[in-house]
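The values are calculated or read from the model by the stated rules, or taken from the named source; none is laboratory data. Please read these numbers as outputs of a predicted model, since none were measured by experiment. As a convention, Cβ positions derive from the backbone with ideal geometry for all residues, glycine included, and neighbour counts pool all protein chains shown.
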Amino acid sequence: MNTRSMIFTLYGDYIRHYGSEIWIGSLIRLLKEFGHNEQSVRAAISRMSKQGWLMARKEGNKSHYFLTQRGIDRMDEAAKRIFKLNPDQWDGKWRMLIYSIPEDKRNIRDELRKELVWSGFGTISNSCWISPNDLKKEVHSLVEKYEIKPYIHFFLTEYEGPHQNHTLVTECWDIYGLNDRYGQFIADYSQKYVIIKNRISKGEISDAECFVERTKLVHEYRKFLFIDPGLPEELLPEKWLGAHAASLFSDFYKQLAEPASRFFEEVFQEGNELTNKNKEYDVFDHPLLADE
């Protein structure tokens, strides 16, 4: 598993609930559980800082890294989508974005495409992207971020044929391939969930092992953020497996949550004992655990 990607997972699933900041030594200790060495962690942190996701703060001879506002916004958006169990209802309208970005701004165009895919847009033709979801806020944020207002047009529209709305879905997204991916996730994790649930009930698994399993679970499931546009139920295939996968993920996550968080807290507090001695963190300030 890529070190940088694992760090994103740890910030999104743990560190953001503990002030969004961690000592580099604690991060190295946590990632050691997955076989990542100190050099790779420091290199990944440096890269993420240069990309604007993190900033550093010195406390004596300790370097602490915290999420920038850009990082916080991305983590919040990702968490909202990862822990969402049911699709939204559709208003029957499509959001269409068309751009014509000059060749001398090609790098911006390439970055914009990545952002649009992340947000859930699909391409219907060159430079024309559509989504059934209300992504006006995300579009305005991208226009401002990349300073591309002169090159963008954004529409709220309805599809008048000659085909059905489902035809647009299959043309813009590999929805059946995505369904197969969800099926594979279910096959991979259903049995594993039963085995680990049984081990937890018998006290046969350590907090550290639960931390590793929970992090791997989130790390694997978050990959769907890059391929699942989050379509409303009305536009999904009849035998859609995304809901089953979300339910399995939620149940498995809850089983691992408390022991995994205990291990994280132990490492986190050891590394930040002096800095954070007067701070309190709510480990259960979490979308899946709020009602428990």
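Here ALA56, ALA43 are screened, and the one residue that is aliphatic (A, V, I, L, M) and in contact (Cβ under 8 Å) with a residue 24 or more places away in the chain is ALA43.
For the residues ALA56, ALA43, the requirement of being in a helix (DSSP H, G or I), over 21 Å from ASP13 (Cβ atoms), touching a helix residue (DSSP H, G or I) at 6+ places or on another chain (Cβ under 8 Å) and of a type outside the set (Lys, Arg) singles out ALA43. Where strands (runs of 3 or more DSSP E) fall wholly inside the stretch 87-200, no range has 3 or more residues that are crowded, with 16+ Cβ neighbours inside 10 Å and modelled with pLDDT under 95. Got a number for residues in the stretch 232-265 being touching a Pro at 6+ places or on another chain (Cβ under 6 Å) and among the charged types (D, E, K, R)? Counting residues in the stretch 232-265 that are touching a Pro at 6+ places or on another chain (Cβ under 6 Å) and among the charged types (D, E, K, R) gives 1. The listed residues are ILE130, ILE124, ILE152, ILE98, and the only one of them that is more than 19 Å from PRO229 (Cβ to Cβ), touching a residue at least 12 places away in the same chain (Cβ under 8 Å) and not assigned by TED's automatic domain parsing to the domain that holds PHE224 turns out to be ILE152. Sub-9 Å Cβ pairs linking a first residue in the stretch 179-198 that is over 15 Å from ASP251 (Cβ atoms) to a second residue that is part of a helix (DSSP H, G or I) and basic (Lys, Arg), at least 6 apart or interchain, are ARG181/LYS223, ordered by first then second residue. The condition of being touching a strand residue (DSSP E or B) at 6+ places or on another chain (Cβ under 9 Å), closer than 26 Å to LEU256 by Cα, assigned to a helix (DSSP H, G or I) and not assigned by TED's automatic domain parsing to the domain that holds LEU256 holds for LEU27. Scanning the stretch 27-42 for residues that are within 23 Å of LEU217 (Cα to Cα) and either under 15 Å from the mean Cα position of the chain (by Cα) or among the aromatic types (Phe, Trp, Tyr) (or both) turns up at least one hit.
Limited to the stretch 16-54, what total is found for residues that are of a type in the set (D, E, K, R) and under 16 Å from PHE268 (Cα atoms)? The qualifying residues number 5. Pairs linking a residue in the stretch 67-86 that is within 11 Å of GLY52 (Cβ to Cβ) and among the β-branched types (Val, Ile, Thr) to a residue that is at pLDDT 85 or above and buried (at least 17 other Cβ atoms within 10 Å of the Cβ), with Cβ atoms under 9 Å and 6 or more positions apart or on different chains, are THR68/TRP53; THR68/LEU54.
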